[in-house]
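Here's the structure we're looking at; comments come further down.
The values are calculated or read from the model by the stated rules, or taken from the named source; none is laboratory data. If you're wondering where the values come from, they're calculated on a predicted model, not measured in any experiment. No Cβ is skipped: glycine too gets one built from the backbone with ideal geometry, and neighbour counts run over all protein chains shown.
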Amino acid sequence: MRVMIAEDQALLREGLARLFVDGGHTVVATRGDASELDDLTVREQPDLVVLDIRMPPTYTDEGALAARHIKARWPAMGVLVLSQHIETAHALELVTQGGFGYLLKDRVLEVGEFLASTERVAGGGSALDPKVVASLVSPGARGPLTGLSERERAVLELMTEGLANTGIAQRLVVSERTVEAHVRHILLKLGIPETEADHRRVLAVLAHLRAVHG
């Protein structure tokens, strides 16, 4: 996997680069801001672009804007946005496209899961931080989400993170057949058609959550 990194914190930028290299991937470029990302993306054609959501000069939404531009120009390119805080508006706007991830920076410390998430995003899948997911499917949420059982809510959270049934079964220590039954019930209750493709299923759920939460 060819990776490009844009992160203004030098230690984190270099740490990310080392994680990818140690994981057997190639880091084609690193930058401390988003000013040259377009030219770099054209030249390097990475499989994955990792961006801090807030970068110089204003430290507001430079990374989010760059991510939106990259996905608009190269829809098949994987984009992973990192953030210090939960900002669901940016997450829901972009993740419904697929090949997109939104993780809080402390997830980098969980190296194995972090790298698995980046590989999933580079492959066209999705990865949404569990804390972001929890804020979207909390018990206080209104609408069809209130009809989900506690276990269905747990399965939905893991679905929305981008995990397939096998991964959900491993995380919850249940059989894959049990997960399949929960997923059918969730999609039925949310009024979402079933599909064979895991990432399409996740995108459908996210699109629904976006509609429910505005």
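Observations on the model:
- Boolean, ARG73 is touching an Asp or Glu at 6+ places or on another chain (Cβ under 9 Å), surrounded by fewer than 16 Cβ atoms within 10 Å (Cβ to Cβ) and at pLDDT 90 or above: yes
- Of all residues in the stretch 1-33, those satisfying the criterion of being charged (D, E, K, R), in a helix (DSSP H, G or I) and closer than 14 Å to LEU51 by Cα are ARG13, GLU14.
- Any hit, the stretch 186-193, residues being at pLDDT below 70, assigned to a loop (DSSP other than H, G, I, E, B), outside the structural domain of LEU104 (by TED's automatic domain parsing) and surrounded by 15 or more Cβ atoms within 10 Å (Cβ to Cβ): no
Okay, residues lined up against (1) at pLDDT below 90; (2) in a helix (DSSP H, G or I):
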site	(1), (2)
LEU92	yes, yes
PHE114	no, yes
ALA127	yes, no
SER135	yes, yes
MET159	yes, yes
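- Boolean, SER83 is modelled with pLDDT under 95 and closer than 18 Å to SER117 by Cα: yes
- Hey, ARG107 in the same structural domain as ALA122 (by TED's automatic domain parsing) and assigned to a helix (DSSP H, G or I) or not: yes
- Any hit, the stretch 49-65, residues being of a type outside the set (D, E, K, R), closer than 18 Å to GLU161 by Cα and buried (at least 22 other Cβ atoms within 10 Å of the Cβ): yes
- Total residues in the stretch 14-25, condition surrounded by 13 or more Cβ atoms within 10 Å (Cβ to Cβ) and either over 19 Å from PHE114 (Cα atoms) or in contact with a strand residue (DSSP E or B) (Cβ under 7 Å, 6 or more places away or on another chain) (or both): 4
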